[in-house]
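The values are calculated or read from the model by the stated rules, or taken from the named source; none is laboratory data. Since the structure is predicted, the reported quantities are computational estimates derived from the model, not experimental observations. Heads up, the Cβs are rebuilt from the backbone with ideal geometry, glycines too, and the neighbour counts pull from every protein chain shown. Side chains are part of the model used for accessible areas, which takes the heavy atoms of the whole protein and leaves out ligands, DNA and RNA. Shrake-Rupley method; radii C 1.70, N 1.55, O 1.52, S 1.80 Å.
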Amino acid sequence: CDRGPGGPGGGGFVGQRGGKRGGGEGGEGGGGAPSSNTYEARVLPTLEAAEGEKDPFGKRGGPGGGDASDPPVLSDEKRVEWQAVIDSFGEMAARCLISRALPHKKQAIDIILDKFKAESMPPMGDFKLAVKTLSKCLQEKLPQVVINGLNAVKSLLEAASGYDKTDLTGLFEPVLVATMKKIGDNHKILTETAQDVVLTMSKSPYLGPTFVSKYLLKPIKQMPHKPVMCRIHCIVDVMIENGVSSLPFEELMNFLVAALASPNGEVRTFSVDAIAVIAPEVGESAIDKYLKDVQPKTRDMVKAAIREQEE
């Protein structure tokens with residue numbers, strides 16, 4: 001949810017329209033030529049280490065450092081606790097999951113995903129267990145583990161085409177909840193990967209924008225400004241991919257109008273820009289009724305942004 005580059009005129013969302021409020025590269029006005037797409041897709045950083053770069057997961061065996069050794073052996077108690085994972089993905093997956101070492105966590109996720117790369121699809125029970133296991137990975141404290149888990153979720157969404165979609169909404173809801181908590185995290189790659197997962201869910205024929213809107217448009221309650229800005233950025237991404245009408249309009253406007261009241265200027269600007277994207281699709285009159293209690297100065301900013309969007 002960084003701002004785009006620009007001149008003295010300031011930048012909008014990354015890849016935002018050129019011109020007065022633009023986010024494109026340009027001269028004195030701060031913007032370049034408008035793109036045919038209002039907002040261009042963000043280029044997310046890759047987790048793969050480029051040639052010659054350090055492995056992002058490192059070689060540490062745990063928080064204290066040192067080379068990674070074999071994952072811990074399962075005690076009888078742990079074997080009972082992880083029996084379902086052992087039956088579906090093997091004992092090594094369970095051993096790696098209980099380890100504190102980053103390479104082991106990554107290995108466990110790779111083992112789980114490998115099963116869904118086979119020619120024959122595993123049973124639905126294995127798919128459900130894989131999603132539930134990855135959901136636990138998203139609650140880890142180490143950002144690298146969460147990032148790898150989020151990318152694995154995207155891979156499982158691609159594999160979902162082989163299963164009955166009626167079971168998927170409830171299955172992925174805990175994953176969405178955990179993902180939303182990472183949007184706005186101080187770890188840049190983590191928050192961008194989380195936003196990308198929400199966008200992927202919104203495009204999935206098995207989940208869709210209505211599914212993500214339940215948490216994406218959840219009312220703001222004393223939320224720090226960075227998560228709010230990142231969530232607005234994510235909302236705009238979802239609208240661009242699926243259309244403005246893909247999100248429930250009243251909940252959408254209530255969220256953005258609440259952001260207009262934020263004491264943080266960047267949050268207000270993000271919200272103004274998002275409303276400007278919506279206006280051409282729904283009409284300015286539909287927007288006006290939500291602005292009655294907005295501060296006059298902020299309301300004027302919204303009106304100006306809408307007019308600019310129409311130019």
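Scanning region 223-243 for residues that are under 17 Å from Asp185 (Cα atoms) and part of a loop (DSSP other than H, G, I, E, B), which turns out most open to solvent (accessible area, probe 1.4 Å)? Don't jump to the end; show me each part of the working.
Quick first cut of region 223-243, residues under 17 Å from Asp185 (Cα atoms) only: 223-235.
This time we only want the ones that are part of a loop (DSSP other than H, G, I, E, B), so: 223-224.
On the way: Met223: 57, Pro224: 85 Å².
The residue in question is Pro224.
Working only within region 259-311, note down all residues that are loosely packed, with under 14 Cβ neighbours inside 10 Å and not in a helix (DSSP H, G or I).
Pro263, Gly283, Lys289, Lys292, Asp293, Gln295, Glu311
Please go through region 90-135 and give me each residue that is among the charged types (D, E, K, R) and assigned to a loop (DSSP other than H, G, I, E, B), ordered by number.
Kept after step one, since they are among the charged types (D, E, K, R), are these residues of region 90-135: 91, 95, 100, 105-106, 110, 114-115, 117, 119, 126, 128, 132.
Once the filter is applied, which keeps residues that are among the charged types (D, E, K, R) and assigned to a loop (DSSP other than H, G, I, E, B), region 90-135 yields Arg100, Glu119.
Please determine, by comparing only the residues of region 178-222 that are crowded, with 18+ Cβ neighbours inside 10 Å and among the aromatic types (Phe, Trp, Tyr), which one is nearest to Ala261 (Cα to Cα).
Within region 178-222, the match that is nearest to Ala261 (Cα to Cα) is Phe211.
Please determine, by comparing only the residues of region 136-164 that are part of a helix (DSSP H, G or I) and among the hydroxyl-bearing types (Ser, Thr, Tyr), which one is nearest to Ala94 (Cα to Cα). Steps first, answer last, please.
Filtering region 136-164 down to residues part of a helix (DSSP H, G or I) leaves 136-137, 143-162.
Adding the requirement that they be among the hydroxyl-bearing types (Ser, Thr, Tyr) leaves 155, 161.
On the way: Ser155: 20, Ser161: 26 Å.
Out of the qualifying residues, it is Ser155.
State which residue pairs qualify: first residue at positive phi and inside region 166-178, second residue in a helix (DSSP H, G or I) and of a type in the set (Ser, Thr, Tyr) in any location, beta carbons under 9 Å apart, and separation of 6 or more residues or different chains.
none
Among the listed residues Lys141, Lys128, Lys132, Lys136, which satisfies the condition of being touching a helix residue (DSSP H, G or I) at 6+ places or on another chain (Cβ under 9 Å), open to solvent by 40 Å² or more (accessible area, probe 1.4 Å) and without any contact (Cβ under 8 Å) to a residue 40 or more places away in the chain? Write out each step before concluding.
Working: Lys141 fails: touching a helix residue (DSSP H, G or I) at 6+ places or on another chain (Cβ under 9 Å); Lys128 fails: without any contact (Cβ under 8 Å) to a residue 40 or more places away in the chain; Lys132 fails: without any contact (Cβ under 8 Å) to a residue 40 or more places away in the chain.
The conditions single out Lys136.
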